[in-house]
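Taking it in order: structure first as structure tokens, then the write-up.
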Amino acid sequence: MTNKKNLNITSECAQAEGIPRYMSQDKQPTVLSDIYKEEINIAIWRREKQFSVKEFLALNPTFQKEMILTPQDALSRISESFNNNMTEVSEDIALLVDMFCYLFELKQAGMRLKVLDRAMCPKFHVDKVPCRLVTTYQGTATEWLPHEVVDQTKLGWGCNGLADCESGLYQRKSDIQRLDCGDVALLKGTLWEGNENAGLVHRSPELITNEKRLILTLDFM
């Protein structure tokens, strides 16, 4: 995976509205380094991998953890939070922390791991962060909109109180894209230099009755 020295990779003209942004996806983890390309605002590592977490979710329906982790202590601290259960998930989270910190030259990352039974962020929005890693271990995964279909003026208060499907934020239901459970995605936010008007627009999915979702996010610290 390509290591980068800083996030100042975009030209001044990239700050202007109308600059195109695209998705990059692959079955290899090296695709995540594509987030450094100025035209990419979501990089997706497509993983055909399933995690056995249903029993844990049934026993821990309100589980949530927020920790600041380093690549060196991630595995031990995550394993402890699971009472040394969920070995496969613990190892995977530790791997993602290591990859995230290496890619962005961070000494630590902010981790949030939550069990959800409803949409945490049901409206489409952009994150005021440089970049966020997202993966779903169980349940329906994150939904997002391609940059070219979004009317940025309809985000936030611009929706005038209307639902996303009514405000004109996007035109067709088929515009909505969705990650698969197990995919690892890097979502470029508005604090990435040169990406002020092009943060990835995304939301939490609606969950069916009694569905449990286990979602992990990693952030810069």
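For the reader, a short list of remarks on this structure follows.
- Sequentially through the stretch 80-97, phi angles give Karplus couplings (6.51, -1.76, 1.60; θ = phi - 60°) of 5, 5, 8, 6, 6, 9, 6, 4, 4, 5, 4, 5, 5, 4, 4, 4, 5, 4 Hz, Gly and Pro residues having no value and appearing as x.
- Helix-only [θ]222 nm of the chain, DSSP H runs n ≥ 4, -39500 (n - 2.57) each, per residue, nearest 500: -4500 deg cm²/dmol
- Percent RCO, i.e. relative contact order, over the chain, from Cα pairs under 8 Å lying at least 6 residues apart: 30 percent
- Cα centre as origin, Lys/Arg/Asp/Glu Cβ charges: the stretch 30-117 dipole, Debye: 160 debye
- Separation between Cα centres of the stretch 179-202 and the stretch 134-172, rounded to whole Å: 13 Å
- Along the stretch 21-32 the Karplus relation, 6.51 cos²θ - 1.76 cosθ + 1.60 evaluated at θ = phi - 60°, assigns HN-Hα couplings of 9, 9, 9, 10, 9, 6, 8, 9, x, 4, 4, 5 Hz to successive residues, with x for each Gly and Pro.
- Hz values of 3J(HN,Hα) by residue in the stretch 150-156 - Karplus curve (6.51, -1.76, 1.60), Gly and Pro given as x: 8, 8, 4, 5, 9, 7, x
Every number here is computed from the coordinates shown, using simple stated rules; none is lab data. These numbers were taken from a predicted model, which means no experiment stands behind them. Backbone-built Cβ (ideal geometry, glycine too); neighbour counts: all protein chains shown.
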